[in-house]
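Enquirer: I'd like to ask you about the structure that follows.
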Amino acid sequence: VIFLTAHALYKAPLFLAAGNLEKRFGTRSLTALAGAGWSAGVTGVVVIVSLFSLLGVPPLPGFLGKEYLLKATWYQSPILAVITAITVCGVICLGVRVLLILLRRENRALPIHAIPKPMVFATAVPAFLAIFGTILFPFVNTTFLAPAATALGAGDGARYAFWYGFTPALGLGFGALFTAGMISYFTRNRPALISRRSLFEDLFNSIIAALRSTASGTAKLLEKGTLHAHLAIILLAIGTLSVAAIDVSDWPSVSAPSAEHSGIFIVLAPLLLASAAIAAHTRRPLMALVSLGLVGLLVAFLFLWFSAPDLALTQLLAETLALFLLAGVLARTPIIPAAATGALWRLLFAGGAGLLVTLLILKSMALEWDHPVSDYYLAKSKTDAFGANVVNVILVDFRALDTLGEIVVLAIAAMGANAALGAGRRRAPLPGGSATPWLRAGLPLVTAVLLPTAAWIFWRGHNAPGGGFIAALLVATALGLSLLAQSKKLTAPKLRVLAKRMLVSGLTIALGAALAPLAVGKSFFTGLWWHSGSLHLGTPLLFDLGVFLTVVGFAVTYLRHFHAPRS
C-alpha cells in the first residue's frame, strides 16, 4: 500500500511535468532541458519535490515506500532484497542524473510558451498530496494507509512508521543511497557521461524498435482487406480461445422450454429471424439500424416476459437512444458498399459467433454455486439498504463502486468523443427533413410526458423498476427528439455548456455521496440515511442523481455534434 501510494504521488507529477516542460520549452529531450528547473515556475518545484521522493529522501513518501519494499523483499528472500536494492540504486542514479541536468546553471534552455494554468494545477495536485501526507502523516496513516493495509491482510493494529531501528532493510537502503552518491560524485565533472546515452538506454531503444517493427508487421498482416475480414479474424481468435477453454465433458441437460414459455418463443423467433435477415441484406444504413433496433426491442419483450422489468426498460430505452447516436453517422452514408467477401463466408462466421455464444450460455448453466450471491442481496436489500428494488439497490448501494467506475468511463468516453468529433466544429442538422410538421407539433406533448415520467422513474427507482440510469435514458430521448425537430433553443453552444455542467456535476455528486460517510467516521460508500416513517432518504439517492446527470451529459456531448442546429 505505501509503496504504490508513494510511487503514484511522485511518478504521476513527473509524467505530467514532462508535458508541461515540453509546452514551456518546445521539447522533452532531457539534454535540451538544461536548467529548465529554474525557469519552469511551479512545475519546476513539483519536479524537484517529486524527484526527491523518487530518490527516497526522508520524510517524503518515496523514502517510506522504498523502506517497506526492501523490508518485504528481505522477508521473502535476502537475495531478492539485494537485487531490489541494486534496482533502487539505479533508480536513484537516474533521479540524480535528471536533477543535475534540470538544475544546471550554464547554457540554460530558453522558455518559448507559458504553461496553461490547468496543466500546472493538475501537475501540482499529486505533489501537494505528497507534501500534505508528509506533514500530517499521523492523520493520513490512521485514516487511509493503515485501513487499506488492514483490508489487504495486515493486522488490526498495523501502522506505518519511519523508524524500526537498525534493520537489514535500512542497511540496504543506505547502501543503495551511498553507491548512487558515489557514482554521481565521480561523474559530476563529466557532463558527457551525464548527457550521453548509456549502454542500457541503447539496449532499451533497440528492444523498443524491435517491438515497433513486429507490431507494424503484425498490423499490416491483419489489417489487409475489409472490415468483414477484420471481424472474421477477431471472431476466429475469440472462438478458438473460448472453445479451447471449455470443458466439453461437463454439459447441462438441455430440455425443451415449458408450455408456459413456449408461446413467447414461437412469436419472437420469426420476428427475430426477419429482422436479422433484413439487416444482413439491406444496403441502406438506416434500414439496417432500424432492423437491429427491432431485434433489441424484441429482446426487451423477452426480458419483460421473464419478469425483469428493469432490464426491459433499460434495453428499450438504450435501443431508442442508440438510434439517435448512430443515425448521426449512418445518415451520411446513403448506401452500404457491397461486401468483398462472399455471403457464404459471412454467414458461416456470423453463425459460428452465434453458436459460440449459445455454447457459452449453456456452459454457464453447468456451473454450480454453493451460495448464490443473489440470496444475500435479496435478504439484505430491504433491511440494510431500505429498498425493495434489488437491481437498483445493487447499482447504487451494494456495488456502487462498480457503478462509479462505469460513469467515470462514460465521462471519459464523452471527452474522447468530443475531441474526436471536434470540440469547436459545428455540424449541420441531419439531412432528409427530420423536422417534419408532425414532429414539431407532437414534440411539446411528448416532452411533457417524457420529462415528468423521467422524474417519477428516478424517484421510485429504489423500490420499483426505474432509477437514475433509466430516467437519464428517458431525458436523453426527449433531448434527441427535440434535436431532430431542430429546436432553436438547443443550439450547439448551449448544448456544449449543458453537457459540461452535467458531466462535472454528476461526477461531483456521485463522488460526494461516496465520501460523505468518511466525515462521520464510517467507511467509504456506506449509506447515510434519514428516516421519517416509511420515507427513507440517503446518500444512495444522491449517488443515483450523479448517475443520472452523468448519463445525460454523455448523451448530450455526442448528440450535439450531429443534431444541434447552427446558432
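The values are calculated or read from the model by the stated rules, or taken from the named source; none is laboratory data. Computed from a predicted structure; not experimentally measured. All Cβ positions, even for glycine, are placed from backbone atoms using ideal geometry, and neighbour counts span all protein chains on display. Each accessible area value is taken on the protein alone, full model and side chains, heavy atoms only, with ligands, DNA and RNA left out. Shrake-Rupley method; radii C 1.70, N 1.55, O 1.52, S 1.80 Å.
Enquirer: By how many nm would the segment from A413 to I112 grow when fully extended, if each residue of separation counts as 0.36 nm and the alpha-carbon distance is taken off? Please list the in-between numbers first.
Expert: Working: separation 301, 0.36 × 301 = 108.36 nm, distance 3.27 nm.
So the chain would gain 105.1 nm between A413 and I112.
Enquirer: Give the ranking of E106, E67, E22, E260 by solvent-accessible surface, highest area first, calculated with a 1.4 Å probe. Provide the component values of the computation, followed by the final result.
Expert: Details: E106 105, E67 25, E22 70, E260 135 Å².
Result of the area sort, largest leading: E260, E106, E22, E67.
Enquirer: For the chain, what is the accessible area per residue in Å², given a 1.4 Å probe and the full set of protein chains?
Expert: Each residue of the chain exposes 58 Å² on average to a 1.4 Å probe.
Enquirer: I've got another one for you. How many percent of all Cα-Cα pairs in the chain sit more than 33 Å apart? Spell out each step's value before the answer.
Expert: On the way: 100193 of 160461 pairs.
Of all Cα-Cα pairs in the chain, 62 percent lie more than 33 Å apart.
Enquirer: Put a dot 7 Å past each Cα toward the Cβ at K11 and L231; how far apart are the dots in nm?
Expert: Calculated label separation equals 3.9 nm.
Enquirer: Which FRET efficiency value, to the nearest 0.05, is calculated for R212 and A441 with the Förster distance at 41 angstrom and r the Cβ-Cβ distance?
Expert: Working: r = 59 Å, r/R0 = 1.44.
Taking R0 as 41 Å, the efficiency between R212 and A441 is 0.10.
Enquirer: Continuing with the same structure: Could you please state how large a percent of the accessible area of the chain is carbon and sulfur, counting protein chains only and using a 1.4 Å probe? Numbers along the way, then the final one.
Expert: On the way: 23860 of 32990 Å².
Exposed carbon and sulfur together represent 72 percent of the surface.
Enquirer: Just to check I understand the Karplus step: with θ = phi - 60° and J = 6.51 cos²θ - 1.76 cosθ + 1.60, what whole-Hz values come out for the stretch 444-449, glycine and proline as x?
Expert: Listing the rounded values in order: x, 5, 4, 5, 5, 8 Hz.
Enquirer: Something else about it: Angle between the Cα long axis of helix 285-305 and the longest principal axis of the chain, 0 to 90 degrees, nearest 10?
Expert: With rounding to tens, the tilt is 80 degrees.
Enquirer: Specify the inter-centroid distance of the stretch 288-329 and the stretch 72-141, based on alpha-carbon positions, in whole Å.
Expert: The distance from the Cα centre of the stretch 288-329 to that of the stretch 72-141 comes to 50 Å.
Enquirer: I would also like to ask the following. Which residues does the label zone of T143 cover in the stretch 499-543, counting backbone N under 20 Å from a point 7 Å along Cα→Cβ?
Expert: 508-528
Enquirer: Taking 41 Å as R0, compute the FRET efficiency from the Cβ-Cβ separation of L528 and L421 and round it to 0.05.
Expert: Working: r = 40 Å, r/R0 = 0.97.
The formula returns an efficiency of 0.55 here.
Enquirer: Now for a different question. Can you run phi through the Karplus equation (6.51, -1.76, 1.60; θ = phi - 60°) for the stretch 489-501 and list ³J(HN,Hα) in whole Hz, with x for Gly and Pro?
Expert: With coefficients 6.51, -1.76 and 1.60, one gets 6, 9, 7, 4, x, 5, 5, 4, 5, 4, 4, 4, 5 Hz.
Enquirer: Let me ask something additional. Whole-Hz ³J(HN,Hα) for each residue in the stretch 349-361, computed from phi via Karplus 6.51 cos²θ - 1.76 cosθ + 1.60 with θ = phi - 60°, x for glycine and proline: what do you get?
Expert: Each residue of the stretch 349-361 in turn: 5, 5, x, x, 5, x, 5, 4, 4, 4, 5, 5, 5 Hz.
Enquirer: Would you work out the Kirkwood radius for the stretch 266-416? I mean one over the mean of 1/r across all pairs of different Cα atoms, in Å. Could you put the intermediate results ahead of the total?
Expert: Values: mean 1/r = 0.0527 Å⁻¹.
Over the stretch 266-416, the inverse of the mean reciprocal pair distance is 19.0 Å.
Enquirer: Computed FRET efficiency, Cβ-Cβ of I86 and A277, R0 60 Å: what is it to the nearest 0.05? Mind dumping the intermediate values first?
Expert: Details: r = 66 Å, r/R0 = 1.09.
Here the calculated transfer efficiency is 0.35.
Enquirer: Do you know the relative contact order of the chain, to the nearest whole percent, from alpha carbon pairs under 8 angstrom that are 6+ apart?
Expert: Numbers: 645 pairs, mean separation 65.2, N = 567.
Once divided by the residue count of the chain, the mean separation gives 11 percent.
Enquirer: Pull out the extension gain between S505 and I266, defined as 0.36 nm times the separation in residues minus the alpha carbon to alpha carbon distance; nm, one decimal. Write down the numbers at each step before the final one.
Expert: Numbers: separation 239, 0.36 × 239 = 86.04 nm, distance 4.69 nm.
Stretched out fully, the S505 to I266 stretch lengthens by 81.4 nm.
Enquirer: Let me ask something else. Full extension from L401 to L100: what is 0.36 nm times the residue separation minus their Cα-Cα distance, to one decimal in nm?
Expert: Values: separation 301, 0.36 × 301 = 108.36 nm, distance 4.35 nm.
In short, 104.0 nm is gained.
Enquirer: Probe radius 1.4 Å, ligands and nucleic acids left out: which of F144, F132, F186 has the largest accessible area, and how do the rest follow?
Expert: Working: F144 105, F132 75, F186 130 Å².
Putting F144, F132, F186 in descending order of accessible area: F186, F144, F132.
Enquirer: I've got another one for you. Which angle between 0 and 90 degrees, to the nearest 10, do you get for helix 373-385 versus the longest principal axis of the chain when only C-alpha atoms count?
Expert: Here the helix axis deviates by roughly 90 degrees.
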